[in-house]
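Reviewing the structure listed below.
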Amino acid sequence: MYKIILLIFILVSIFACDNQKKLVDLKENEAFVEAMTESKNSFYYINTNSYPSNRKKLPIGIFDSGIGGLTVMDAIINFDRFNNTDLSYGTDSLKDFINEQFIYLADQANMPYSNYAEVGKENLLAEHVLKDVQFLMGNKYYSSNSSKNYEADKQAVKTIVIACNTATAYGKAKVDELINITGLNIKVIGVIDAGCQGAIDALKDGKNGIIAIFATPATVAANAYPKTLQKVLQENGFNANIKTYQQGGKGLHESIDEDLQFINKELTKPSLDYIGPSLQNDKYPLKKELLTFYNFNTANNNLLFNKENLGSSDTIQINSVENYVRYHIVSLLETIREKDANMPLKSIILGCTHYPYVVDTINTVLNELRQLKINGKQAYKNILVNKVELIDPAQNTAKELFEYLKENKLLNTENEQIIKTDQFYISKANLNNPKVETENGKLTYNYKYLVREANDIQEYIKVVPFNNKSISNDILLNIKNQLPETYKKIEAYIETSKK
């Protein structure tokens, strides 16, 4: 009996060691891999043997840490660079993905993803990304945040778009390995390669210049864009002197998502909870000597300060999306001016999917700064020589997605019967989990970033459908104004869900 037990122990140990050897990028997320691929009692388990075989009719899955990824979805659904009849290159005034269905996930409860890297929780960030992928591949969701039991009738997906730069930078290699382990051969497309190719395509004159990356602090810290740009430049045989500068947009995408630690329109004076750029912030300092450059909008409490005027205040807090843009664009140009004042800025890659929401504001600020004179001289004369191209990676992402579906015969045609209503989901703090720490229904900052650890596999959040309770009217209005075609799909889904 002892020998039998010993033999079983040895076999299990060998299997475990062999399994560990197989994991490369995923070795720090082994617990989740086991939960999804082996533990049949786990909420996250997916039986890959029962995954739909007719992939063509399945939806396309897209996810982001919030609503920002809807800009990528909007670019995809409005994409028209191919002929829908023969699939050749060239517009035909018909949207290329008109016969496709989409499932979108906004992991709002765990956002912003960028903060995890800042506090050294990269493996926890990767776990969130893996759970996003598991949700899209799986069939489970909750009908509401108060529901104790999940529904199990969501469709699986045929391909996945990671519509988040931070998730791509820290999670795509792990996702690719996870998909490989499942043996399902599901294509995963990230936005970073697409953004770099777009920036290279914009270098039409072949001359020296600067490509700037405006992204979340975590994406900047990963250094994924400069590395990928260098690779793409070499692949394209580009010999000009191209330099890269990065600006971490601390607080911008959080303000777009109405994170109260970065923006609170109820306030009339500075808040102790504020964690955005400030006079005291070493990493993202507001500089009084640059107030003329920032040209902040101070109306309607868009900027909070503690004295009668900005100049005398020792506490200044940004409290509007516009002012976050103003701060970061000036900070970027000042960094360039200090090191390469005579090199022209050719393009800015919008390295966060939230940033296309503020393209108009970025262009307005750039135009103001192009005309700005200090002591009679243009402040950025040699940097802002020509129009700066704003590169949205979403366009090249749509192109890569279409080409993959075309090559693998996964595109649906007009005559094929598929469910045409797209689906939209958002994550909320799991109030039924006693371990979860919340405030006003949201995960606390301390619990979200400091308490939780990777490989403690549990349901921190619940994924629920978009509706008028799960997403604010202000955010829906913003989507309606900025992304009207996507808004129509959201509106149709909400109406269908009511029936």
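The values are calculated or read from the model by the stated rules, or taken from the named source; none is laboratory data. Note that the structure is a prediction, hence the values are computed from the model and not measured. FYI the Cβ positions are ideal-geometry reconstructions off the backbone, even for glycines, and counts take in every protein chain you see.
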| Members of the range 109-123 that are within 22 Å of residue 222 (Cα to Cα), surrounded by 21 or more Cβ atoms within 10 Å (Cβ to Cβ) and either at pLDDT 95 or above or not assigned by TED's automatic domain parsing to the domain that holds residue 405 (or both) | 110
| remark: Among helices (runs of 4 or more DSSP H) entirely within the range 1-106, at least 1 residues that are surrounded by 15 or more Cβ atoms within 10 Å (Cβ to Cβ) and at pLDDT 90 or above occur in 30-37, 70-77
| task | Mind listing whichever residues of the range 403-429 are touching a strand residue (DSSP E or B) at 6+ places or on another chain (Cβ under 6 Å) and surrounded by fewer than 20 Cβ atoms within 10 Å (Cβ to Cβ)? | result | 404
| query | Inside the range 440-485, can you point out the residues that are of a type in the set (Lys, Arg) and under 20 Å from residue 74 (Cα atoms)? | reply | 480
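Filter the range 262-284 for residues that are small (Gly, Ala, Ser) and either without any contact (Cβ under 8 Å) to a residue 24 or more places away in the chain or out of contact with any Pro (no Cβ under 8 Å at 6 or more places or on another chain) (or both); which is nearest to residue 218 (Cα to Cα)?
For the range 262-284, the residue satisfying everything is 276.
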| Here are some residues: 421, 397, 413. Which one is in a helix (DSSP H, G or I) and either on the phi > 0 side of the Ramachandran plot or hydroxyl-bearing (Ser, Thr, Tyr) (or both)? | 397
| Give me the pairs: first residue in the range 81-105 and in contact (Cβ under 8 Å) with a residue 60 or more places away in the chain, second residue among the small types (Gly, Ala, Ser) and loosely packed, with under 14 Cβ neighbours inside 10 Å, beta-carbon distance under 8 Å, and six or more apart or on different chains, which are they? | 81/90; 82/88; 82/90
| For the range 443-499, what are the residues that are under 19 Å from residue 145 (Cα atoms), among the charged types (D, E, K, R) and in contact with a helix residue (DSSP H, G or I) (Cβ under 9 Å, 6 or more places away or on another chain)? | 448, 462
